[in-house]
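Single-structure report; data block below.
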Amino acid sequence: MIIVQLLLGFGLLLAGGELLVRGSVGLALKLQVSRVVIGLTLVAFATSAPELLVSVVAAMDGRSDIALGNVIGSNIANIGLILGLTAIVFKMQAVQLTYRKDWIFLLLANLLLGLFLWLGGLSFWQGLIFVLLLVGYNVVKIRGARKNRELHIGDDLEVEAMPIVKGILFLLAGAAALRFGALYFVEGIASAAAVLGMSERFISVTLVAFGTSVPELAASMMAARKGESDIAIGNIIGSNIFNILSVLGFTALIQPIITYDPALFTSDFWVSVGLSLLIIPLMGWFTKDRLDRLEGALLLGVYLYFVANLLL
């Protein structure tokens, strides 16, 4: 029964995210919204929807370990597992300077999250700070993209403009799938933790984080296979920024995250920070402007060591 809950919840989350992406992008194109705006905001928000719904439902259900562990674990998996695997499979040629500003912003977001957790958690006002930073970040990105005519952000969108009624139906169906998917998934996680004798923290930073990171894995692998390594690396950095500012920000606005397993801050959070610090420097340590198999193996090794320590 637990496996059915988890699979049903996960399936609904994936389907809901896909419907939300298609509905929001289709409507935006119909309303003639710039593809740059769509690529930098709507798609990013929609693909973060599964993590957001899981964290919101978990927090409202009094399961803050799942809400917080989902984000921290997802950020760890994005860099250690997904970026590591992608670099091992495809040698990733990318320019360090391309995403240096985004990388610095990710480090600042981590620093702010660490400060809030050290102070006791995420209140409504701290969530509001995250959301305002997210808005500011997107405004700066959109202005920068519009000035740089060489960037073709959003040009690769495979969704076509759709009638307003159809777009709204897609959004409603996606929202419903996400809501019920999150309910089933969180309940399944709690049940699995109880049956297996594992903490909700362990389940959330490993299994849940991996499950909600599947879209990032697919996107990064596809981009790297096409030789678009900059996009693959940018997807990971952008996803981690959105996880902190969007998922935790909106979750705290709806239900503050005050009580949680201290190890999420004293251990897991710092693994996430350490991996974040590695992204750009790694592209210059062994091979210039490149994430080669050696760097990928290092990232993957850190991730596997982290998971192994959780099991001990």
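Note on L111 and W270: the extension gain reaches 56.2 nm, defined as 0.36 nm multiplied by sequence separation minus the Cα-Cα distance.
The stretch between I168 and L312, if pulled fully straight at 0.36 nm per residue, gains 47.0 nm over its current Cα-Cα span.
Ranked by the mean number of other Cβ atoms within 10 Å per residue, highest first, peptides 119-132, 62-75 order as 62-75, 119-132. By the count of neighbouring beta-carbon atoms within 10 Å, fewest first, V271, V140, V307 end up ordered V140, V307, V271.
Throughout, read-outs are computed from the coordinates displayed, never taken from laboratory work. Predicted model, so just to flag it, every value in this text is computed and none were measured. Cβ coordinates were reconstructed from backbone atoms using ideal geometry, including for glycine residues, and neighbour counts include every protein chain displayed.
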